[in-house]
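Here is the structure we will look at.
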Amino acid sequence: MSQVTVKQGTHYALMETGATAQWPDYTVSLPGIDIPGKLFIKESLALTGCEVSLNSMPSGGEIPFNHTHQQNEEVYVFIQGQGQMLLDGETINVKEGSIVRVDPQADRSWRNNSDAALVYLIIQVRQDSLNQYSLTDGVVSEAAPNWA
Ligand code: ZN
């Protein structure tokens, strides 16, 4: 059984979720439905700019509803297995290495129509919120790494 642990640092938080093979142990309970194999990490890590979920959908699994968002875009990062997404009625095939950006208004669902687990991350962030990033946001420190 997987168990989440969080270590709080001065300017970081470290969350342990177990190996991806253990992610099916997690369940998110929504009104009227449980989604097995899903774990949101925002609250554990005290994230302030995005929500991320870890997901492992079993063979034959599916999200039994469509949904849209009000202001957040989502990025689906598929890291193991294969399946399909349904985006505004269009079916696309996804597999390990596929990354899909979904606009807030897109009506979406997805399923695992393969014979192995579909493992993926979903990153949810406010559309048009990123003003600076990577090399325009990062600042190289004067001190070199000191691993002591
Ligand atoms: Zn969503």
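Computed from the coordinates by the stated procedures, all read-outs in this text should not be read as laboratory data. Only a predicted model underlies this, so the values are computations on that prediction, with no experimental measurement involved. Don't worry about glycine lacking a Cβ; one is built from the backbone with ideal geometry, like all the others, and counts go over all protein chains shown.
Does the range 51-68 contain at least one residue that is without any contact (Cβ under 8 Å) to a residue 40 or more places away in the chain, in a loop (DSSP other than H, G, I, E, B) and closer than 30 Å to residue 13 by Cβ? There is no residue in the range 51-68 that is without any contact (Cβ under 8 Å) to a residue 40 or more places away in the chain, in a loop (DSSP other than H, G, I, E, B) and closer than 30 Å to residue 13 by Cβ. Of the residues making up the range 86-100, those that are of a type outside the set (Lys, Arg), farther than 21 Å from residue 71 by Cα and in a strand (DSSP E or B) are 90, 91, 92, 93, 94.
Against the test of being charged (D, E, K, R) and surrounded by 14 or more Cβ atoms within 10 Å (Cβ to Cβ), the options 90, 73, 96, 43 yield a single qualifying residue, 73.
Counting only residues that are within 11 Å of the ligand (Cβ to nearest atom), part of a loop (DSSP other than H, G, I, E, B) and buried (at least 17 other Cβ atoms within 10 Å of the Cβ), the range 101-130 holds 1 of them.
Conditions (1) under 16 Å from residue 124 (Cβ atoms); (2) under 15 Å from the mean Cα position of the chain (by Cα); (3) among the small types (Gly, Ala, Ser), marked per residue:
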{"residue": "15", "(1), (2), (3)": "no, yes, no"}
{"residue": "25", "(1), (2), (3)": "no, no, no"}
{"residue": "79", "(1), (2), (3)": "no, yes, no"}
{"residue": "105", "(1), (2), (3)": "yes, no, no"}
